[in-house]
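Q: Dropping the structure in here first, questions after.
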Amino acid sequence: MEITSAQNPRIKNLLLLQEKSRARREQGLFVVEGRRELEHCLEAGFEIDSLFVCPEIAGEKALPSASLRDPVRANAPGKAFSPQTDKAEGLLSRQASAFLKACRNNSASGYDIFEIPEQLYRKVAYRESTEGILAIVKYKSLSLEDLQLPEHPLVMVLEAVEKPGNLGAVLRSADAAGADAVLLCDPLTDLYNPNLIRASIGAVFTVPTVACTSEAAIGFLQEHGIQILTAQLQDSSPYYDVDMKRGTALVMGTEATGLTPLWRKAASAHIRIPMLGRLDSLNVSVSAAILLYEAVRQRQGC
């Protein structure tokens, strides 16, 4: 089905889901933009509700693999396409069609595909360097009980971090360092904020991520014998002097106020990153990367 107007109810709802966390929670839906992010999302077992494609923009860079570069039947004007039927008529552009085939093959149920022109797509897309692919995706919540951790897990914990960009950057570092989970404790932004997804470039889907209370996270970590290392300036040791080869949770708070007393009291040890300049604070995402890669260094025997 082709949509050309910004006043279309589906476009209006797409924008609502991008802008309002309440709408995301109430509908159980969120927005994913871009080929790479959507592929990670599908690989993590999420299901598409509806897909929006701009054929003028979705080119060779939007294709997931060369083996899928065959045109597929998509929706004709006036019809919504369902991957469970072959009755839809018409063809999307050859370049966009292979991506749609990959998406529908990863979806457990049917979903609608809508074709939108470039002018409208640029109004609803967040990124300037866009790929012509937007999807509304169904929520899938992960709980602490769902986590399957190895013998000596590496867990990143963030308490009340508010900025989606910082959260996304930490998730990217967690993915790069091979962290086993990220716990977002008492978060001030929802996990499916478009800015968070964009900043993480899809790492929110590649690293098991759970939103929970600090109390629940502390109980979970203690129950599983995972040491709690809190990053703080007071009463602490340099981070490189603490053994991180055993099961470890690296805990960080906000840049403005740091961690609450609850985490400081629950800590197995307090660690700090030495500050040699005049300022006493690093960006939380930079600090997280430093601590994560210290754990990697120790575990690899470097």
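The values are calculated or read from the model by the stated rules, or taken from the named source; none is laboratory data. Please read all numbers here as calculations on a predicted model, not as lab measurements. For neighbour counting, all protein chains shown are included, and Cβ atoms are generated from backbone atoms with ideal geometry for every residue, glycine included.
Q: Return the total of residues in region 215-252 being of a type in the set (Gly, Ala, Ser) and buried (at least 21 other Cβ atoms within 10 Å of the Cβ).
A: The qualifying residues number 3.
Q: Can you spot a residue in region 221-229 that is closer than 20 Å to Val182 by Cα, in contact with a Pro (Cβ under 9 Å, 6 or more places away or on another chain) and not basic (Lys, Arg)?
A: yes
Q: Quick check, is Ser173 modelled with pLDDT of 95 or more, assigned by TED's automatic domain parsing to the domain that holds Ala295 and of a type in the set (Gly, Ala, Ser)?
A: It is true that Ser173 is modelled with pLDDT of 95 or more, assigned by TED's automatic domain parsing to the domain that holds Ala295 and of a type in the set (Gly, Ala, Ser).
Q: Which condition from (1) touching a Pro at 6+ places or on another chain (Cβ under 7 Å); (2) farther than 18 Å from Leu221 by Cβ is the one that Glu162 breaks?
A: So the condition that Glu162 fails would be (1).
Q: Further question: Looking for something assigned to a loop (DSSP other than H, G, I, E, B) and assigned by TED's automatic domain parsing to the domain that holds His152 - is there at least one such residue anywhere in region 286-298?
A: No, region 286-298 contains no residue that is assigned to a loop (DSSP other than H, G, I, E, B) and assigned by TED's automatic domain parsing to the domain that holds His152.
Q: Another one. When the residues of region 256-285 are narrowed to those that are assigned to a helix (DSSP H, G or I) and out of contact with any strand residue (DSSP E or B) (no Cβ under 7 Å at 6 or more places or on another chain), which ends up farthest from Ala169 (Cα to Cα)?
A: Here the residue is Lys265.
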